[in-house]
Structure formats: structure tokens, C-alpha cells
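Okay, so here's the structure we're looking at.
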Amino acid sequence: MKKAPEETQSTRIARNLADRIISGQIPPGARLRQDHIAAEFGASHVPVREAFRELQTQGLAESEPRRGFRVTEFDVAELREVAEMRSSLESLALRHATPNITRVILQEAEEVTRHGDSASNVRDWEAANRHFHRLILAPCRMPRLLRTIDDLQAASARFLFAAWQRNWEARTDHDHRTIIEALRNGQTDLACATLARHVGWIGKRKASVKNADLRETYEISG
């Protein structure tokens, strides 16, 4: 059995910063200060710059001439683009994954869905949701496609955390259950169509702000 490669310092820094950006801990537009980050991780500037370039590849950071890197902004147009790309690519991955999805995978997907339904906060729900999608898509055995989907799901998570950072509401994911049941019954077309609609949906909701007023924001379902 091959031993998994050890995580490099630049990868560890990029993963940590990506988590902060996705969760909103580092807000859109914020400067990524190379000196501060190097000091925090006890690293030289080389792995930090490599980490910044990895974040740029993921669409989480951008380089500005003579000003370094900053966290990318996002808007509704980007949300729509991400949703449409996920709709196409995840249904493609699921169609290729279907012949390799086992009963054990579906049982685990069902358990993960139940965990998501009982999540008490948006971070736990997002982790369970992403786990579900990874379970049913990984059997496609198309690593490049899966890496692209991972980046799109990270972008979706940024919108999710921004919309639900206050007033998290528990939800029951009926689409996940429909997908599981369709896969159990060999209904590939139904499973793929449900997944495409599920990740491609964008809705609006009212979110309260500090002064108790309501503002309109966008939400996604998966």
C-alpha cells in the first residue's frame, strides 16, 4: 500500500488560510500580509508565496501589482456561475460514479445526511453536506474533475457562510434522500437530474442584522 504524501508547509498554510476565507474569518477584500503570515506559521516567505498562489488557483485570492495578495470579493454573478458549473460537473461526475457506488457508500451517505439535518450550526452542516457530495462523486475516479468540483464547492461555502453567519436554521435535505433512493433503485437519470437541480438552485432569504432590520441575501441548497 502506498503511503500518502506528507503535507508540505505551503499546502498546510494554504489549507489553513482557505478555511478562514471560506468561513468569513478573513473577509473579502482583506490583504494577505506575507510578513504576518510567515511569522504566524514560523515559515520563510517562499512557502507563504506558494500558499498565496494556491489560493489564487482556487479563486480565493488575487494578486495586485505592487500591492501583494488580497482575498477576492464575490457577487451574485459569481454565485450564479459557480452554481451552473456545479450543476453540470457534479451531474457528470455522478453519472460516471454510478457503476461504482456500493451499498456501503449509500449507507454512509444516508448517515451523513442525518448528521447534516441535526447540525446546530452552519459549519457542521456544510461539513456534512460536502462529505455527502464527496461520497457519491468520488467513485467516478476522475481526479481532475473532482479537484475542479472541490474548488467550486469551496466557493459555494463562502456564500453559504456569508448568508447564514447569523440565525442558522436547521433543515431537512429531501434532495439528498431522493438521490440516495434513486441510486439504490438504479435510476441514474433521476439521481443526476436531482443533483443538478439541487446544486444549481439559488434562492433569496431575509437575514436580520445588528439593528434588527432585515436585509435580503442569497442562499444555496447544497
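Brief remarks follow.
- Glu219 being surrounded by 15 or more Cβ atoms within 10 Å (Cβ to Cβ) and modelled with pLDDT of 90 or more: no
- Residue match in segment 10-23 (condition: at pLDDT below 85, under 30 Å from Thr178 (Cα atoms) and small (Gly, Ala, Ser)): yes
- In segment 117-145, the residues that are in contact (Cβ under 8 Å) with a residue 40 or more places away in the chain, of a type outside the set (A, V, I, L, M, F, W, C) and under 19 Å from Arg197 (Cα atoms): Asn129, His133
- When Asp19 is tested against (1) closer than 22 Å to Ala155 by Cα; (2) open to solvent by 70 Å² or more (accessible area, probe 1.4 Å); (3) outside any helix (DSSP H, G or I), just one condition goes unmet, and that condition is (3).
- So Val112, is it within 24 Å of Leu17 (Cα to Cα) and part of a helix (DSSP H, G or I): no
- Residue within segment 23-36 that is in contact with a Lys or Arg (Cβ under 7 Å, 6 or more places away or on another chain), open to solvent by 70 Å² or more (accessible area, probe 1.4 Å) and of a type in the set (Lys, Arg) present: yes
- Of the residues making up segment 74-109, those that are out of contact with any Cys (no Cβ under 8 Å at 6 or more places or on another chain), part of a helix (DSSP H, G or I) and among the charged types (D, E, K, R) are Glu78, Arg80, Glu81, Glu84, Arg86, Glu90, Arg103, Glu108.
- On inspection, Arg144 passes the criterion of being charged (D, E, K, R) and at pLDDT 95 or above.
- Whichever residue in segment 80-135 is open to solvent by 90 Å² or more (accessible area, probe 1.4 Å) and polar (S, T, N, Q) and, among such residues, is farthest from the chain's Cα centre (by Cα): Gln107
- Residue match in segment 41-64 (condition: at pLDDT below 95, polar (S, T, N, Q) and part of a helix (DSSP H, G or I)): yes
- Filtered residues of segment 94-137 (kept if touching a His at 6+ places or on another chain (Cβ under 9 Å), of a type in the set (Gly, Ala, Ser) and modelled with pLDDT of 95 or more): Ala109
The values are calculated or read from the model by the stated rules, or taken from the named source; none is laboratory data. It should be emphasised that the depicted structure is a prediction, and the values quoted were computed from it without experimental measurement. So basically every Cβ, Gly included, is an ideal-geometry build from the backbone, and we count neighbours across all protein chains shown. Side chains included, ligands, DNA and RNA excluded: accessible areas come from the protein's heavy atoms. Shrake-Rupley method; radii C 1.70, N 1.55, O 1.52, S 1.80 Å.
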